[in-house]
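Okay, handing you the structure first.
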Amino acid sequence: MVGSQKSSLMNDTCGVSVIFATLLLILITIIAASGVAYMVSTMQKEAMDRESHQAAVESEELRIVSIDPVHGNGGSWQAIDLTILNLNTADSRISSIRVNDGYFLNFRAYYDPDSFDVYRDYPAVYSAGHRLVIPATKSKKIHLNFSDIVIEGSETIFTSGWTNNSTDFTYSLQMHPWKAYNGVDFDFVLNDTASMTECLPDGNFTLDNDEQQITFFGNDSGGNLTNTTDYQIFYTIDFESYAGSAPLEREPLRIELITSYINIFKELFTPPMPVAEVQFKVENLQAPNGTQSPNSYFILDASDSMDSDGFITSYRWAVWKDSGNETLYDYNLTGMVVRPIGIDSYNDQDVVIDLEITDDTGMTSRLSQVSGNLTVL
């Protein structure tokens with residue numbers, strides 16, 4: 001009887017099942033708790049990231065502090081230089097720039113007006129794919145050219161390593177355009193440095209853009225180039241700059257800066273209004289003997305010129321005689337009211353006068369572009 005009970009107890013698995021179920025329940029509880037903790041941690045991190053991103057978006061602040069437009073032909077602007085100030089304590093990145101009805105696809109920038117930014121030994125060209133950084137609490141100048149940006153480069157290919165003219169020779173190019181502008185289309189010309197004649201690629205060499213190498217075909221491969229001279233390769237890269245027509249000089253400029261945070265900073269620049277008049281004056285000049293004689297002269301007056309969104313900072317006059325054939329002043333006579341010299345008010349005919357004014361934002365306007373030159377017959 002006792003043995004039978006012992007055997008029955010040993011064969012009873014109910015207790016084991018209960019223990020196993022309890023352990024499994026504990027394990028499930030731990031896994032669930034860990035999963036919940038991970039989810040909470042992930043959600044907290046995402047919330048912190050969102051808050052950090054939102055704070056970065058809200059704190060970003062760029063300001064266009066000045067503008068320097070460059071006169072072009074036909075009454076349209078040729079280029080514009082902008083000074084951008086970053087008022088935030090973090091760097092900002094420019095994704096796009098819009099001027100009036102068009103976007104700049106490519107543009108350049110600088111700190112020193114004598115030299116543009118450099119990227120891998122080439123002038124840096126910025127775009128949506130290569131964003132310009134405006135450093136925290138600092139300013140940066142942007143050059144916007146309404147015509148295409150043309151970049152040129154060159155390098156010498158030394159053939160000292162081409163010891164056997166019968167075999168092919170591969171040379172790694174140090175100034176290949178793809179080092180700075182990956183994947184961009186470009187033109188090239190290869191010249192013999194001894195004769196400076198162009199070497200045609202057909203049957204003579206091949207350019208591998210992916211490897212950034214040039215391979216000269218040896219005589220055994222049908223090539224005609226020799227290893228007794230070095231070669232020079234010239235690169236030309238053409239970047240489309242502005243998608244649209246250049247704005248007219250008499251029109252306001254609406255400028256938008258779009259950053260990587262999708263913030264848009266807008267500024268409207270209205271050109272000042274030049275107004276000029278010519279006054280005919282007469283004065284009496286006294287000779288050493290005491291006699292007096294009348295002398296006539298011109299006064300150029302721009303005091304009625306206006307600027308709707310600021311104030312005028314400079315007045316520059318241009319004066320030509322003989323219907324523009326003789327230059328007296330080439331926008332280098334300065335002042336709101338001036339007295340030009342070199343004009344005989346009685347005998348000189350067809351005196352042409354133009355006025356250029358600049359306001360406190362850097363916008364300029366010329367009388368010739370607004371209402372036309374003044375002509376004194």
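Going by the structure shown, is Pro247 closer than 27 Å to Asp359 by Cα, under 19 Å from the mean Cα position of the chain (by Cα), touching a residue at least 12 places away in the same chain (Cβ under 8 Å) and not assigned by TED's automatic domain parsing to the domain that holds Trp162?
On the way: closer than 27 Å to Asp359 by Cα: yes; under 19 Å from the mean Cα position of the chain (by Cα): yes; touching a residue at least 12 places away in the same chain (Cβ under 8 Å): yes; not assigned by TED's automatic domain parsing to the domain that holds Trp162: yes.
Yes; evaluated as a whole, the condition is true for this residue.
While we're on this one: Looking at (1) crowded, with 16+ Cβ neighbours inside 10 Å; (2) at pLDDT 95 or above, which one does Val184 not meet, given that it meets all the others?
Condition not satisfied by Val184: (1).
Something else about it: Is it fair to say Ile258 is over 30 Å from Thr375 (Cβ atoms) and among the β-branched types (Val, Ile, Thr)? Steps first, answer last, please.
Numbers: over 30 Å from Thr375 (Cβ atoms): yes; among the β-branched types (Val, Ile, Thr): yes.
Yes, satisfied.
Might you check whether a residue that is farther than 30 Å from Leu62 by Cα, free of Cβ contacts under 8 Å to residues at least 24 places away in the same chain and not aromatic (Phe, Trp, Tyr) occurs anywhere in the range 298-312? Lay out the reasoning, then the answer.
Of all residues in the range 298-312, those farther than 30 Å from Leu62 by Cα come to 298-305.
So of that shortlist, the ones also free of Cβ contacts under 8 Å to residues at least 24 places away in the same chain come out as none.
Looking through the range 298-312, none of the residues is farther than 30 Å from Leu62 by Cα, free of Cβ contacts under 8 Å to residues at least 24 places away in the same chain and not aromatic (Phe, Trp, Tyr).
Taking the stated definitions as given, is Val319 among the β-branched types (Val, Ile, Thr) and either surrounded by fewer than 16 Cβ atoms within 10 Å (Cβ to Cβ) or touching a helix residue (DSSP H, G or I) at 6+ places or on another chain (Cβ under 9 Å) (or both)? Spell out how you get there, then give the answer.
On the way: among the β-branched types (Val, Ile, Thr): yes; either surrounded by fewer than 16 Cβ atoms within 10 Å (Cβ to Cβ) or touching a helix residue (DSSP H, G or I) at 6+ places or on another chain (Cβ under 9 Å) (or both): no.
No.
Sticking with this one: Among the residues of the range 162-176, write down those that are out of contact with any strand residue (DSSP E or B) (no Cβ under 7 Å at 6 or more places or on another chain) and of a type in the set (Gly, Ala, Ser). Quick ask: steps written out before the conclusion?
Residues of the range 162-176 that are out of contact with any strand residue (DSSP E or B) (no Cβ under 7 Å at 6 or more places or on another chain), as a first pass: 163-167, 176.
Across the range 162-176, the qualifying residue is only Ser166.
A follow-up question, please. Specify the residue that is farthest from Tyr126 (Cα to Cα); the eligible residues are those in the range 216-249 that are in a strand (DSSP E or B) and at pLDDT below 95. Full working, then the answer.
Within the range 216-249, the first condition is being in a strand (DSSP E or B), and the residues that meet it are 216, 231-239, 242-243, 248.
This time we only want the ones that are at pLDDT below 95, so: 243, 248.
On the way: Ala243: 15, Leu248: 25 Å.
Within the range 216-249, the match that is farthest from Tyr126 (Cα to Cα) is Leu248.
Quick one: which residue in Ser221, Ser241, Ser260 is within 23 Å of Phe146 (Cβ to Cβ) and among the small types (Gly, Ala, Ser)? Show your work before the answer.
Numbers: Ser221 fails: within 23 Å of Phe146 (Cβ to Cβ); Ser260 fails: within 23 Å of Phe146 (Cβ to Cβ).
Sole residue among the options that is within 23 Å of Phe146 (Cβ to Cβ) and among the small types (Gly, Ala, Ser): Ser241.
Taking interchain pairs and intrachain pairs at least six residues apart, which have beta carbon atoms under 8 angstrom, with the first residue in the range 203-216 and over 11 Å from Trp178 (Cα atoms) and the second at pLDDT 95 or above and acidic (Asp, Glu)?
Filtered contacts from the range 203-216: Ile214/Asp208; Thr215/Asp168; Thr215/Asp208; Phe216/Asp168.
While we're looking at this one, here's another question. What is the residue count in the range 262-300 for residues that are surrounded by fewer than 15 Cβ atoms within 10 Å (Cβ to Cβ), farther than 29 Å from Gly310 by Cβ and among the hydrophobic types (A, V, I, L, M, F, W, C)?
5
While we're here: In the range 354-377, how many are within 23 Å of Leu268 (Cα to Cα) and either of a type in the set (Lys, Arg) or more than 31 Å from the chain's Cα centre (by Cα) (or both)?
Looking only at that region, the number is 2.
Can I ask one more? Out of Gly342, Gly372, I need the residue that is out of contact with any strand residue (DSSP E or B) (no Cβ under 8 Å at 6 or more places or on another chain) and either under 23 Å from Leu253 (Cα atoms) or modelled with pLDDT of 85 or more (or both). Which one?
Values: Gly342 fails: out of contact with any strand residue (DSSP E or B) (no Cβ under 8 Å at 6 or more places or on another chain).
Just a single option satisfies the conditions, and that option is Gly372.
Turning to a different aspect of this structure: How many residues does the range 263-297 hold that are closer than 30 Å to Ser59 by Cα and touching a residue at least 60 places away in the same chain (Cβ under 8 Å)? It would help to see each step written out before you state the result.
Of the range 263-297, the ones closer than 30 Å to Ser59 by Cα are 263-270.
This time we only want the ones that are touching a residue at least 60 places away in the same chain (Cβ under 8 Å), so: 263, 265, 267, 269-270.
So the count comes out to 5.
Next up: How many residues are under 32 Å from the mean Cα position of the chain (by Cα) and either assigned to a strand (DSSP E or B) or of a type in the set (S, T, N, Q) (or both) when one looks only at the range 276-321? Outline the logic, then answer.
Applying the first criterion (under 32 Å from the mean Cα position of the chain (by Cα)) to the range 276-321 yields 306-318.
Those still in the list that are either assigned to a strand (DSSP E or B) or of a type in the set (S, T, N, Q) (or both) too: 306, 308, 312-318.
The total comes to 9.
Report, by residue number, each residue of the range 322-364 that is of a type in the set (A, V, I, L, M, F, W, C), loosely packed, with under 15 Cβ neighbours inside 10 Å and assigned to a strand (DSSP E or B).
Answer for the range 322-364, where residues must be of a type in the set (A, V, I, L, M, F, W, C), loosely packed, with under 15 Cβ neighbours inside 10 Å and assigned to a strand (DSSP E or B): just Val337.
The values are calculated or read from the model by the stated rules, or taken from the named source; none is laboratory data. Bear in mind that the values here come from a model prediction, so they are computed numbers and not experimental data. All Cβ positions, even for glycine, are placed from backbone atoms using ideal geometry, and neighbour counts span all protein chains on display.
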